[in-house]
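J.: Dumping the structure here so I can ask a few things about it.
The values are calculated or read from the model by the stated rules, or taken from the named source; none is laboratory data. Treat the numbers as computed from the prediction; the structure is a model and nothing was measured. Positions of Cβ are generated from backbone atoms using ideal geometry, with glycine treated the same way; all protein chains shown enter the neighbour counts.
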Ligand SMILES: NC(=O)c1ccc[n+]([C@@H]2O[C@H](COP(=O)([O-])OP(=O)(O)OC[C@H]3O[C@@H](n4cnc5c(N)ncnc54)[C@H](O)[C@@H]3O)[C@@H](O)[C@H]2O)c1
């Protein structure tokens with residue numbers, strides 16, 4: 001099995017890349033291109049494991065890059081973790097947050113539709129999707145009850161995409177709040 005992880009240098013990417021490697025996956029990851037290389041949390045992985053991960057440098061906002069990496073790798077599973085995930089910054093700079101979190105996600109979804117339709121997509125999203133859930137913990141069957149207009153709007157936008165016949169393997173979930181040393 002082949003997995004592609006956007007935001008592989010993230011906190012969650014550290015755990016996910018270890019988990020998938022331990023299951024025998026061929027792991028590919030997108031890292032943001034900078035003037036200097038920054039491996040983030042990946043630098044904490046054991047050297048042997050780091051060498052096994054195939055890295056692709058680019059930005060999720062870059063449509064042609066995402067199209068290229070998805071069409072080249074054709075992953076069985078794509079884990080979309082790349083995001084501007086710092087809530088306080090999203091209030092300071094909404095346009096940049098929108099471009100990365102919404103534009104970047106649209107790029108990923110469209111690339112799967114156009115270049116690798118059998119890929120299953122996990123989108124990390126936000127716990128705001130569940131709003132005030134009646135059941136704890138939540139799972140794939142927990143109904144969405146967003147309390148924020150913004151989250152409801154985004155869900156409608158993505159809902160329009162899901163209804164397109166080709167894109168049926170999308171799992172919109174939220175990562176849970178992890179507190180740890182890494
Ligand atoms: N960790 C949690 O408790 C939690 C809870 C709910 C949702 N989430 C979601 O899960 C995902 C991972 O969370 P995290 O806390 O590990 O994130 P993080 O902030 O540690 O990492 C974000 C990652 O996204 C990458 N990234 C940001 N902008 C990019 C761009 N334009 N192009 C390419 N890569 C880019 C960064 O390089 C980094 O690897 C995020 O989408 C986050 O919103 C996390």
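J.: I'd like to check something: does the range 94-114 contain any residue that is farther than 21 Å from residue 8 by Cα, without any contact (Cβ under 8 Å) to a residue 40 or more places away in the chain and not in a helix (DSSP H, G or I)?
T.: No, that holds for no residue.
J.: Can you go through 101, 107, 93 and tell me which one is within 13 Å of the ligand (Cβ to nearest atom), under 30 Å from residue 156 (Cα atoms) and out of contact with any helix residue (DSSP H, G or I) (no Cβ under 9 Å at 6 or more places or on another chain)? Can you show your working first?
T.: On the way: 101 fails: out of contact with any helix residue (DSSP H, G or I) (no Cβ under 9 Å at 6 or more places or on another chain); 107 fails: out of contact with any helix residue (DSSP H, G or I) (no Cβ under 9 Å at 6 or more places or on another chain).
Only one candidate passes the filter, namely 93.
J.: Still on this structure: Scan the range 76-83 and tell me whether some residue there is surrounded by fewer than 18 Cβ atoms within 10 Å (Cβ to Cβ) and part of a helix (DSSP H, G or I).
T.: No, the conditions are met nowhere in the range 76-83.
J.: Further, regarding this structure: Determine, yes or no, whether residue 158 is modelled with pLDDT under 80 and in a loop (DSSP other than H, G, I, E, B).
T.: no
J.: Then there's this: Restricting attention to the range 69-90, which residues are within 12 Å of the ligand (Cβ to nearest atom), in contact (Cβ under 8 Å) with a residue 60 or more places away in the chain and over 13 Å from the mean Cα position of the chain (by Cα)?
T.: Within the range 69-90, 69 is the sole residue that qualifies.
J.: Please go through the range 24-68 and give me each residue that is more than 10 Å from the ligand (Cβ to nearest atom), assigned to a helix (DSSP H, G or I) and closer than 30 Å to residue 98 by Cβ, ordered by number.
T.: Within the range 24-68, 43, 63, 64, 67, 68 qualify.
J.: Something else: Please give the number of the condition residue 43 fails out of (1) under 24 Å from residue 109 (Cβ atoms); (2) modelled with pLDDT under 90; (3) surrounded by fewer than 15 Cβ atoms within 10 Å (Cβ to Cβ).
T.: Result: residue 43 fails condition (1) only.
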